[in-house]
C-alpha cells in the first residue's frame, strides 16, 4: 500500500486557521441541524440520494445555506447521511446488558481503529499459483495478474502534529498509517494533520443534457483534527447510549490533477461517527459542509493519465501491472493548468446548482461506500477492548493482506 505523499504538510498557520473555521461550522451545524433536516422554512434542503429502507438507509439530505464563520455569513453546501451499521445478535438472557457492552466496543473501534482501516480491496483476477517468476524486464509484458492489491476507499496518512506543549513535528513513515487514538487529541496532541487519499475515484459530472465529464483520478485532501472536533459523547440524548467518531477541518488544497471547488476553498468540515442506540442498533452518521465554490472545477490537462485509467477499466484490471508504473510517474508531473468548465460562468444559476448537487451526490455516495465497507473490519474484531485479540493488520492499518503463496513443492 502506498504511504508516501510528495506534497509537504501545510504550514502550521494554515492548519490552525482551518481549525478555527471548522469549529465555527461545527457550532453552526449543532444549532441548525434539526431545522435543516426537518426542511424548515428558510433552509434550502433537498433529497440528494433516495432512501433504501430494506438496507436501513435513510434519505441523504443535501443543503445550501449561509453559515456563520468568523462572525460573517458564508455560503456553504453539504450533505447528511444516516445508515444502518450493525445490530449484533445476542441471547435473550443478555439482552438487557448487551447494548452497553456494544457501546463500549463501538467507542474503542471508532476512536482507536476506524481511521486506520477505511480502505477496501478491489476485485481482481486470481494470481496463477505455480507461475515461474519472470525477470523485471518481462513482467511489464505479462498479462498474468500480480499479487499486488488495488485498493479503493480512503487511505489516511498522518503527516504532521503539534503537541499539547506546542512542539511541532512530523510522523515517521513507520507511523504514517497507524492513525493516533483520537483520545490522544488534547492530552498529547493539540492537532494532527492527515492527508485523505481517495483511492480509485471516478468523477462523473453532468448538467442537464448539455455537459458531461467523466474523469478517473486519485485525490488527496489535506485535513486536520483536534479534540474540539472529535466526537466522544456517552449518553448524549435520551435513547442514545453514545456517539463516537472524528471531525476533520479541510485545508485549502491548491495542487493536484483535479481540484474541486471544495478542495480549494475554506471553510470545510467533515464529521463521521457511530451512534449507538439503547436498542443495541448502531447507526452510521456522516456530515459534510464545504464552502460554495466560486469556480466549480480546475483540471490539469493530462489526457494520457486519463487514457490509462480508461484502459484499465475496459480491460477489467488486466493491464494494471503494465500501466501502474506509468500512472504513478504521471501523478508526479505538473500539468498545464486548464479550466475545462470556464464556460459555466455564463450558465444560468440553475445549471450551476445542478453541478454542485452532482458534486455533493458523488461525495455522499463515495463516503457511504467507504464507511459501510468498514463493517467487515468491525465484525472481524471479537473484542475491541482487548488489543491482543485483534489481527496485526488492524493495528497497522489497511485491509487484511493475503499471504504470499508458498510455491515450494508445487508442480505444474
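No value in this document is a laboratory result; all are computed from the given coordinates. Predicted model, so just to flag it, every value in this text is computed and none were measured. Ideal geometry is used to build each Cβ from the backbone, glycine not excepted, and the neighbour counts take in all protein chains shown.
Run the numbers for residue 380 and residue 40: contour at 0.36 nm per residue of separation, minus the present Cα-Cα distance, in nm. Walk me through the numbers before you get to the answer.
On the way: separation 340, 0.36 × 340 = 122.40 nm, distance 4.14 nm.
Going from the current span to full extension adds 118.3 nm.
Among 237-249, 25-37, what's the highest-first ranking by average C-beta atoms within 10 angstrom per residue?
For the peptides 237-249, 25-37, the packing ranking is 237-249, 25-37.
Which peptide among 221-230, 55-64 comes first, and what is the full order, when sorted by highest mean count of other Cβ atoms within 10 Å?
221-230, 55-64
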